[in-house]
Amino acid sequence: MHFLSQILEDYLTEHSQEEPEILQELTRETHLKVIQPRMLTGRFQGRVLSVLSKIINPKYILEIGTYTGYSALCLAEGLRENGELHTIDINPELGEMQRTYFNKSGFGERIYPHMGNALEIIPKLDITFDLIFIDAEKKQYDNYLEVVLPKTRSGSVILSDNVLWSGKVVEPLKKWDKATKVLLDYNAKLSNHPKLDTVLLPIRDGLTLSRVK
């Protein structure tokens with residue numbers, strides 16, 4: 001589902017900052033070599049992530065769901081000079097491509113990839129994160145939220161991707177559609193969470209911005 005007309009989406013992209021050349025290269029390689037390239041963060045949303053990160057200027061970033069590394073590189077643009085980005089993915093086949101582009105970007109020494117189950121990895125990270133980006137298995141979103149909250153402070157920002165789920169969140173719920181049910185519950189939880197200030201933005205497939213009180 002397109003939430004905006006294609007002509008308006010094109011206008012938004014054309015009047016937003018151009019993505020760095022390395023991200024254009026990563027996009028091309030992802031489409032050539034990786035299954036489901038539509039999972040890749042697009043240029044417009046990537047620039048949103050970049051600008052948000054630059055505004056927050058985080059020392060520690062956590063990303064759940066690396067894929068080929070596009071969103072990690074966008075978020076890394078806002079890191080402090082001595083900052084770190086920790087990114088988690090469950091697919092080891094993408095590790096080589098991720099590391100290649102992390103190193104080419106100039107952020108390589110500050111990006112720490114973790115391979116495995118995020119719900120097991122995150123509790124072991126002795127870090128308080130300033131910025132967290134959740135973009136992995138949708139059925140686990142509530143569990144991701146619960147495991148990251150203890151790793152935040154007042155003022156930390158949590159971004160949740162794909163929360164409009166191709167518009168399924170406003171369509172009649174099918175009994176077999178567990179992912180949409182999880183996202184409906186998750187969106188409701190975020191909007192009413194006593195520890196969070198939340199706004200849901202109609203960017204691409206939906207991006208929720210939550211600030212820890």
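Summary of values
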item: Any hit, the stretch 88-104, residues being surrounded by 18 or more Cβ atoms within 10 Å (Cβ to Cβ) and either touching a Phe, Trp or Tyr at 6+ places or on another chain (Cβ under 6 Å) or closer than 23 Å to residue 14 by Cα (or both); result: no
item: Residue within the stretch 27-50 that is more than 20 Å from residue 202 (Cα to Cα), touching a Ser or Thr at 6+ places or on another chain (Cβ under 9 Å) and open to solvent by less than 10 Å² (accessible area, probe 1.4 Å) present; result: yes
item: Residue check, residue 9 under 22 Å from residue 199 (Cα atoms), acidic (Asp, Glu) and in contact (Cβ under 8 Å) with a residue 60 or more places away in the chain; result: no
item: Yes/no for residue 71 being open to solvent by 10 Å² or more (accessible area, probe 1.4 Å), among the hydroxyl-bearing types (Ser, Thr, Tyr) and touching a residue at least 60 places away in the same chain (Cβ under 8 Å); result: no
item: Hits in the stretch 80-100 (condition: in a helix (DSSP H, G or I), in contact (Cβ under 8 Å) with a residue 12 or more places away in the chain and under 10 Å from residue 69 (Cα atoms)); result: 94, 95, 97, 98, 99
item: Per-region count, the stretch 105-117, residues touching a residue at least 12 places away in the same chain (Cβ under 8 Å) and either open to solvent by 60 Å² or more (accessible area, probe 1.4 Å) or within 18 Å of the chain's Cα centre (by Cα) (or both); result: 9
item: Where a residue in the stretch 133-148 is among the hydroxyl-bearing types (Ser, Thr, Tyr) and its partner, wherever it lies, is open to solvent by less than 30 Å² (accessible area, probe 1.4 Å), with Cβ under 6 Å and at least six apart; result: 141/186; 144/64; 144/134
item: Any hit, the stretch 74-83, residues being under 18 Å from residue 205 (Cβ atoms) and open to solvent by less than 10 Å² (accessible area, probe 1.4 Å); result: yes
item: Candidate set: the stretch 156-202, residues that are of a type in the set (Val, Ile, Thr) and more than 18 Å from residue 64 (Cβ to Cβ); chosen: the one surrounded by the fewest Cβ atoms within 10 Å (Cβ to Cβ); result: 170
item: Qualifying residue in the stretch 174-181 (condition: closer than 18 Å to residue 133 by Cβ and either without any contact (Cβ under 8 Å) to a residue 60 or more places away in the chain or small (Gly, Ala, Ser) (or both)); result: no
item: Filtered residues of the stretch 28-40 (kept if under 23 Å from residue 137 (Cβ atoms) and not charged (D, E, K, R)); result: 30, 31, 34, 35, 36, 37, 39, 40
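The values are calculated or read from the model by the stated rules, or taken from the named source; none is laboratory data. Predicted model only: the values in this text are computed from it and were never measured. FYI the Cβ positions are ideal-geometry reconstructions off the backbone, even for glycines, and counts take in every protein chain you see. All accessible areas refer to the heavy atoms of the entire protein, side chains included, with ligands and DNA or RNA removed. Shrake-Rupley method; radii C 1.70, N 1.55, O 1.52, S 1.80 Å.
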